[in-house]
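I have placed the structure first, in the form of structure tokens, so that the comments after it can refer back to it.
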Amino acid sequence: MDFGLSPDQELLQRSAAEFLAAECPPALVREVATSEDGVPRALYGKMAALGWLGLIVPEKFGGAGLGMLDLALLCEPIGASVVPGPFFSSAVLATLALLHGGSAAQKTHWLPRLAAGDAFGALALLEESDWLAGAGVVARARQRGAGKSGTGKSSSGKSSTGKSSTEWTLSGTKLFVLDAHVADVLIAAFRTGGRGEDGVTLFLVPRDAPGVEVLPLPSVDVTRRLAEVRFTQVEVPAAAVLGAPGAGWRTLARVLDGAAVALAADSLGGAQRAFDMAVAYCGVRQQFGRTIGSFQAIKHMAAEMASEIEPARALLWYAGYAADALPRQAPRAASMAKACLGDVYSRVVNRAVQMHGGIGFTWEHDLHFWFKRAKWNELAYGDVAWHRERVAALSKY
Amino acid sequence: MDLSLSPAQEAFRLRVRAWLKAHVPRREVGEPSREHGDPSRVRWLKDWQRTLYDGGYVAIGWPREFGGQGLGIMEQTIVNQELVAARAPQQIGAMGVLMVGPTLIQYGTDEQRARHLPRILSAEEIWCQGYSEPGAGSDLAALKTRAELVGDEFLVNGQKVWTSNAQIADWMFCLVRTDPTAPKHRGISYLLIDMQTPGISVRPLVQMTGDAGFNEVFFEDVRVPRRNLVGELNQGWQVANATLAHERNMLGSTTRTQEMFNGVLRLARTRQRCGRPASEDSLVRQKLAALQIRVEAMKYHSLRQLTDALRGRRPGIGASVNKLVSTELNHDIAALALEVMGDFGMLARTAGRVLDRGIWPYEFMFTLGLIIGGGTSQIQKNIISERGLGMPREAKGADQ
């Protein structure tokens, strides 16, 4: 029984934190917030060189071949530095989709590019309903191939020769697509038949395909770039299907569990950093002839924050470990971690802003980057209540 | 990272489990003491600890020379977990095993160890803790019970309060003031006092639960032999703190928290709320899940501390948050049980339609006592912020 990190894992975290302290200070985050595309290219080049973008990509595809716990451990310092840009989209969402749903050819084409930072990926799942479920996928993909009626049932898309020949036309609007504007490939969910989770199909769509229109949706969290993506009669070949037609949710379920763990880890890092900033500030700010950290109200807030963060860290480690080693526990563990940390980060950073007093409320002070990222992390990919209900369902209450 | 036990540890767990299955007496789950000092109940609990002792399962972490098995933290954790899972009765001699025993091992004389340790383990003698006083609760170092050294004896005068088990205890480990002129932490000594000594009187205090769970203890010219001093004269504060710092095995208590949660979940499935099972009500589900997440976070938090201990690492801030978080969590679990039960939640144990033998209102109250006892939540937050985070210590009063 060893519920701790290996020396390699501790080194990964330590070196990532040191690297980001130097290479992604708040000044960079602030600068990138108003840049054209929100991607600090030089930083991403270095991150790619460190192997971060391909951390969970198998070695034969040019990645580091590490696991979900390792990825979570890397997401923590990334969250601590509120690193902007498409790390989450590419290294987590798109990579997981390809790992769990991709054919050999698709993996061979895309994973090395993602790992090297030569291409970015983005996941286009949510629609107007903002419903994180199979039933939330309403946008249609219609078949074009020879001899197909094209409606109603899930289809293997196979011709009589057994080869997949169906081509597809995609129509609909996706919302809240992270990093669509810089993605080379969109991994988009469309309905090809059925209802609910059954009949959802994932497609690999080049961003520059005719009919794809990306419209920015500026976010209050300036470290993240969201977009509305309109698909107007976008034609894709059979080879664009990721996984089997109609079986896309199988892949998406794994992606969403991975997303939950990664965001929980980002939240843990952010919470710890906001907490550290607040405690440090309280050690220097003086009022009434003493440091404000000497007032019991402040001390108790700090104690409460620490008491929430430490157990949450252990739960996050468990979720990462379960994702690698306990497949039956992994979905529930992911939801526990996301529900816990979505809540903890938001509350911790709220207190951190209050502990800073008036200056914590300014644009000029950096803390608002964490404050807003906390809220995005909390609400995206299943909010606290959504994940709690999932825990209830998976625990069979 | 690996959550599995080694084959040897798994085998140990199975042995413990089998032994407990064969030896745990049948009883009602979570039954609160009807009369805390009821002799028949005390006898029953002492017999249980004796059985546990004969089986070799009391204080297995103590060195062999003092009656333990010299086993490690992992084995101690396993035993604690299995005791809870088997719903074994409480250990009536827990004070001795967890507090005064380790103190004597570390600071006691050979004579003290020989005299007391075996009887602590077998529950032949029961111990109580003489710490708090009416004027010294959170500020324990302000204690005033005076022990005056006269020749070869201490003459003890004063009063202790919140003394659990005093009415059945054979011995008390007691913090007394031996030097009223020294700064308060430096004039305290740690004494072992025979509860049969003339001049000691015990008055039960009834808790809000209705049980006389603790007591006041009065000392009037009580003579205590000098050889009952543990550690050096006026070094009692350090002796007591070393015991408090002694590593408590957290995992036993997170198993208990999990059992409590399981109990509430069972309730939610069987009770109806507005015409359907409470466990189907979305608000109840949200609250259950929120608690479950806290329970599991504490479970893995404990595993992490266990791992740090196994790796020989010093406990960090994580160790400081245990008491604060666990006690409040247990109380919140009991609170949800009452919500799920609604009006049934307020029935006393004697009511004909009481559910679960009335354990839930009892637990709801008792767990509030645990938030206060052993260092209140507010004191824990002071400790966390000061010792854990390095924030400035509280300003003292003018006379401090």
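Odds and ends about this structure:
- Being aliphatic (A, V, I, L, M), surrounded by fewer than 17 Cβ atoms within 10 Å (Cβ to Cβ) and part of a helix (DSSP H, G or I) is a description that applies to B:Leu283.
- Every residue from the stretch B:349-381 that is within 13 Å of another protein chain (Cβ to nearest Cβ) and either on the phi > 0 side of the Ramachandran plot or touching a His at 6+ places or on another chain (Cβ under 8 Å) (or both): B:Gly375, B:Gln378, B:Lys381
- Pairs, first at the interface with another protein chain (Cβ under 7 Å from one of its Cβ atoms) and over 15 Å from B:Gly342 (Cβ atoms) in the stretch B:279-294, second in a loop (DSSP other than H, G, I, E, B) and of a type outside the set (S, T, N, Q), C-beta under 8 Å, six or more apart: B:Arg285/A:Tyr397; B:Leu288/A:Tyr397; B:Ala289/A:Tyr397
- Verdict on A:Arg313 being within 14 Å of another protein chain (Cβ to nearest Cβ), basic (Lys, Arg), assigned to a helix (DSSP H, G or I) and within 13 Å of A:Ala264 (Cα to Cα): yes
- Number of residues in the stretch A:302-327 that are within 20 Å of B:Ile384 (Cβ to Cβ) and either at pLDDT below 95 or touching a Gly at 6+ places or on another chain (Cβ under 9 Å) (or both) equals 7.
- The helices (runs of 4 or more DSSP H) found wholly in the stretch A:1-55 and carrying at least 1 residues that are of a type in the set (A, V, I, L, M) and within 30 Å of B:Lys299 (Cα to Cα) occupy A:7-23.
- Just one of the listed residues (A:Asp70, A:Asp8) is within 14 Å of chain B (Cβ to nearest Cβ), surrounded by fewer than 23 Cβ atoms within 10 Å (Cβ to Cβ) and within 17 Å of the chain's Cα centre (by Cα), and it is A:Asp70.
- Filter result (within 20 Å of the chain's Cα centre (by Cα), closer than 19 Å to A:Glu378 by Cβ and among the aliphatic types (A, V, I, L, M)) within the stretch A:303-338: A:Ala312, A:Leu315, A:Leu316, A:Ala319, A:Ala333, A:Ala334, A:Met336, A:Ala337
- Tabulated pairs, the stretch A:267-282, first of a type in the set (Lys, Arg), second modelled with pLDDT of 95 or more, C-beta under 7 angstrom, 6+ apart or interchain: A:Arg273/A:Ala80; A:Arg273/A:Trp370
- Of the residues making up the stretch B:192-214, none is buried (at least 19 other Cβ atoms within 10 Å of the Cβ) and among the polar types (S, T, N, Q).
- Consider the stretch B:359-400 and keep the residues that are polar (S, T, N, Q) and assigned to a loop (DSSP other than H, G, I, E, B). The one that is surrounded by the most Cβ atoms within 10 Å (Cβ to Cβ) is B:Thr376.
- The number of residues in the stretch A:283-300 being touching a residue at least 40 places away in the same chain (Cβ under 8 Å) and either among the charged types (D, E, K, R) or more than 9 Å from chain B (Cβ to nearest Cβ) (or both) comes to 2.
- Index of the failed condition, B:Asn241 passing every other in (1) farther than 28 Å from B:Val354 by Cβ; (2) touching a helix residue (DSSP H, G or I) at 6+ places or on another chain (Cβ under 9 Å); (3) more than 7 Å from chain A (Cβ to nearest Cβ): (2)
Rundown of residues vs (1) part of a helix (DSSP H, G or I); (2) in contact with a Lys or Arg (Cβ under 8 Å, 6 or more places away or on another chain); (3) within 12 Å of another protein chain (Cβ to nearest Cβ), yes/no style:
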| residue | (1), (2), (3) |
| --- | --- |
| A:Asp208 | no, no, no |
| A:Arg224 | no, yes, no |
| A:Ala227 | no, no, no |
| A:Ala239 | yes, no, no |
| A:Gly258 | yes, no, no |
| A:Val279 | yes, no, yes |
| A:Ala303 | yes, yes, yes |
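- Flag for B:Glu339 being in a helix (DSSP H, G or I), within 14 Å of another protein chain (Cβ to nearest Cβ) and out of contact with any Cys (no Cβ under 9 Å at 6 or more places or on another chain): no
- Residues in the stretch B:180-191 that are surrounded by fewer than 16 Cβ atoms within 10 Å (Cβ to Cβ) and closer than 28 Å to B:His116 by Cα: B:His185, B:Arg186.
- Leading residue by the ranking (nearest to the other protein chains (Cβ to nearest Cβ)) among those in the stretch B:309-320 that are within 19 Å of A:Glu308 (Cα to Cα) and not aliphatic (A, V, I, L, M): B:Gly318
- Residues that are of a type in the set (Asp, Glu), farther than 21 Å from B:Gly213 by Cα and at pLDDT 90 or above, drawn from the stretch B:357-400: B:Glu386, B:Glu394
- Within the stretch A:186-198, the set of residues being in contact with a helix residue (DSSP H, G or I) (Cβ under 8 Å, 6 or more places away or on another chain) and surrounded by fewer than 24 Cβ atoms within 10 Å (Cβ to Cβ) comprises A:Arg195, A:Gly196, A:Glu197, A:Asp198.
- Selected residue (only one of A:Leu242, A:Leu217, A:Leu202, A:Leu226 is within 22 Å of A:Glu76 (Cα to Cα) and not assigned by TED's automatic domain parsing to the domain that holds A:Ala72): A:Leu226
- Residues considered: A:Gly196, A:Gly162. Of these, the only one that is at pLDDT 95 or above, assigned to a loop (DSSP other than H, G, I, E, B) and of a type in the set (Gly, Ala, Ser) is A:Gly196.
The values are calculated or read from the model by the stated rules, or taken from the named source; none is laboratory data. Just so it is clear, the structure is predicted and the values come from calculations on it, not from any experiment. A quick note on method: Cβ atoms are made from the backbone with ideal geometry, for glycine too, and the neighbour counts reach across all protein chains shown.
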